[in-house]
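Here, each number is a calculation from the coordinates, and none is a lab measurement. Keep in mind that this is a model prediction, so the values were computed, not measured. So basically every Cβ, Gly included, is an ideal-geometry build from the backbone, and we count neighbours across all protein chains shown.
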Amino acid sequence: MEFVRSIWENDKEYMALVGDLLENEDVLKLDDITHHHYTTRLIHSIFVSYMSYRIAKRLNLNVRAIARAGLLHDFFHEDRVQIAAMEKGSHNFVHPQLAVKNAELITELSELEKDIILKHMFLCTTTGLPRYKESFVVTCVDKYCAIQEVSHPARQRAKAKLTNWMLRLASVHA
C-alpha cells in the first residue's frame, strides 16, 4: 500500500481534484475507523478513488466526478452496529445514503457524483442500476479493493509458508 500511496500523493492532477477533501477534518477522521478488517476507511476510499480515477482517464470519463465521489463513497463514521440500529435497512443499503448526506455537508455534489456514491452498492441493494459509466467503474473498483484488502493477510501468510517450504526443500537438496 505504501507504493500506491506514494503514487497518488505525487499525482498532481489527482491531488488538484481531491486535495480539498483530503484536508477536511471529517474526511481525515475516516483514518481512525477500521475497514474490511485490515485497513482504514480512509485508505480504502483513497484506493477506490485513485484506481477509479486512473481507469476514468484511460476511458475518457469524468475524472473529477469519479475521483471525488470515489473518495466520498464510504464517507460515514457510524459502524455496522450503529447502522443496524437505525432500522432503515441493511448496512449495504444505508451507508451510501449516509455518505451522500455527509458529503453534501462539505462539498457540492453533481448528479453524477450522487449517483456514483448512492449506487456503488447496487449489486447488494435494490437502489437501481447506476445511470453512468463512472458509477459502474467505482462499483467494480470498490469490490476489487475490498477483496484485495480482505485477502491481503491470507496471501501474505500463504507466501510466507511457500517461502519457508522452498527454503527447507533447498536445504535438503544442498
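What to note about this one:
- Computed with the Debye formula from one identical point scatterer per Cα of region 108-150, without solvent, the log10 of I(q)/I(0) at q = 0.22, 0.29, 0.34 Å⁻¹ comes to -0.68, -0.98, -1.15.
- Cross-linked pairs K29/K161; K12/K101; K101/K133; K57/K119; K57/K143: Cα-Cα separations exceed 26 Å for K29/K161; K12/K101.
- Label-point gap, in nm, between H77 and K29 - each point 7 angstrom along Cα→Cβ: 0.1
- Inter-label distance for E9 and L162, nm, one decimal - labels placed 7 Å from Cα along Cα-to-Cβ: 3.0
- In order along region 111-119, the phi-based Karplus estimate (6.51 cos²θ - 1.76 cosθ + 1.60, θ = phi - 60°) of 3J(HN,Hα) comes to 4, 4, 4, 4, 4, 4, 5, 5, 9 Hz; Gly and Pro are listed as x.
- Computed from the Cβ-Cβ distance with R0 of 22 Å, the FRET efficiency linking D20 to S110 stands at 0.90.
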